[in-house]
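Taking it in order: structure first as C-alpha cells, then the write-up.
The values are calculated or read from the model by the stated rules, or taken from the named source; none is laboratory data. Please read these numbers as outputs of a predicted model, since none were measured by experiment. Cβ: placed from backbone, ideal geometry, glycine included. Neighbour counts: every protein chain shown.
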Amino acid sequence: MKRYIPYIVLLSLVFLAGYYLYNHQNDLRTFFQFRPLYIFYMTAAGIAQFFISGFFNRAILKPCSITIKTGELFAIAVMASIGNYVLPFRGGLGLRAIYLKRKHNFPYSYFMSGMAGIYLVFFLTNSLLGLASMALLYFYRGVASPPLCLIFGFVLFLVFLPFLASFKGFAFSRKLPEFIGRAITGWLQVARDPVLIFQLVVLTAINSVTNIVLLHYGFLSSSVRPDILELLMISSLLSVSGLVNITPAGLGIQEAAIVFSSNVLGISMAQSLMASLFVRFVSIALAVTLAPFLGRYFLDKESFGET
C-alpha cells in the first residue's frame, strides 16, 4: 500500500486542480497572456537548470577525482529529470547512481552521502534566502506570513541537525536515524573542501536565479508582475518543497508551494495556479524534447551495459 501513496496524492492534487480550473474558466481566459518570447526565456532558464544540475553531479565526483565532460553531465541531468517524472521519491537519483556506477565505477555509498551533503547546503541556502526575503518584504512592504516564516525556520532547523550532530563524531551519528547519519557523512565529506562548499552555495544561488526567471515569465503569462523580492520568496519555498517531493517530480507539491506563497502576496489562486502550470509545462516539454537525443547518446556509449 505504501508504494501507492505518492500516486494517490498525485491523483488527488490533479483532481483538485482540474476541478478548480474547470470552475474558473472565465478567469483563465481573462488572465492568460501568451507570448512566444516567454517560452524562449523560460526554455533558456530550463536549459540552464540542467547544466546546474550537472555541475552538482560534478561536485559529488570531485572527492574521487572523477572527471566528466560538461555534455555528459548535461545528459545525466536531463535523463534524471525524466526519471523523476516516471518514478516517485526522486527516482532520477537512482538512474544517476546506476549510470555513474557502471560508467565511472562510482560507488553507490559515495553517491548517496555526496548527494546528502549537497542537499544540506542546498536547503540551508534556500531557507536562509527565504527568511531574508520575508524579512525584507516585511520591512519594506509590511508583508508578513507567520506560516511561511515557520516553514523556512523549520527547514533551517532540520538541516542544522546534521551540522550539530557532526560535532559529536561519526560514532554518535550511528545512533541516529539512517537519513541523518547519511547526511552527517555527506556533510563531513563536503566540509573537507571549503572551495567546494562555496561552489555549492554559488550553484544554489544561480539555480534560484533560473527559478526566478521561470516564475517571472510564468506569472507574466497570467497577467501578474511580482517584483524580485516576491519572486525570491516564492522561489525559495519552491526549492525547499523538495523535502516533501513524494510525488513524481514533485507534481502537485511544487504547484501547491507556488500557490500558497503567492496567496501571501495577494495573487489570486487562478493566476498563481496558471503560472505554476505554465512553468511545469515548459519544464516537461523541454525534458521530453531533449531526452530522445540524449537517450541515444547513453545507448551508443553502452553506459548501462558495462559491469
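Annotations for the structure displayed:
- The stretch 236-255, subset touching a residue at least 40 places away in the same chain (Cβ under 8 Å) and within 18 Å of Phe154 (Cα to Cα), residue surrounded by the most Cβ atoms within 10 Å (Cβ to Cβ): Ser236
- If you go through the stretch 275-293 and pick out every residue that is of a type in the set (Phe, Trp, Tyr) and within 13 Å of Ala45 (Cα to Cα), you end up with 0.
- Within the span defined as the stretch 182-202, every residue fails to be at pLDDT 90 or above, in a helix (DSSP H, G or I) and within 18 Å of Ser272 (Cα to Cα).
- Lone unmet requirement of (1) surrounded by fewer than 18 Cβ atoms within 10 Å (Cβ to Cβ); (2) not in a loop (DSSP other than H, G, I, E, B) for Ser262: (1)
- Among the numbered conditions (1) under 21 Å from Phe50 (Cα atoms); (2) at pLDDT below 95; (3) not aromatic (Phe, Trp, Tyr), the only one that Leu231 does not meet is (2).
- Residue in the stretch 48-69 that is surrounded by the most Cβ atoms within 10 Å (Cβ to Cβ), counting only those that are hydroxyl-bearing (Ser, Thr, Tyr) and more than 18 Å from Ser81 (Cβ to Cβ): Thr67
- Criterion applied to Arg280, Arg225 was being in a helix (DSSP H, G or I), surrounded by fewer than 21 Cβ atoms within 10 Å (Cβ to Cβ) and among the basic types (Lys, Arg), and the one residue passing it is Arg280.
- Enumeration of residues in the stretch 282-307 that are within 12 Å of Leu215 (Cα to Cα) and at pLDDT below 90: none
- Scanning the stretch 105-131 for residues that are over 16 Å from Phe154 (Cβ atoms) and surrounded by fewer than 19 Cβ atoms within 10 Å (Cβ to Cβ) turns up Asn105, Pro107, Tyr108, Ser109, Met112.
- Here Lys103 meets the list (1) closer than 18 Å to Gln199 by Cα; (2) among the charged types (D, E, K, R); (3) touching a Ser or Thr at 6+ places or on another chain (Cβ under 7 Å) almost entirely, failing just condition (1).
- Residue check, Ile206 within 19 Å of Gln49 (Cβ to Cβ) and within 14 Å of the chain's Cα centre (by Cα): yes
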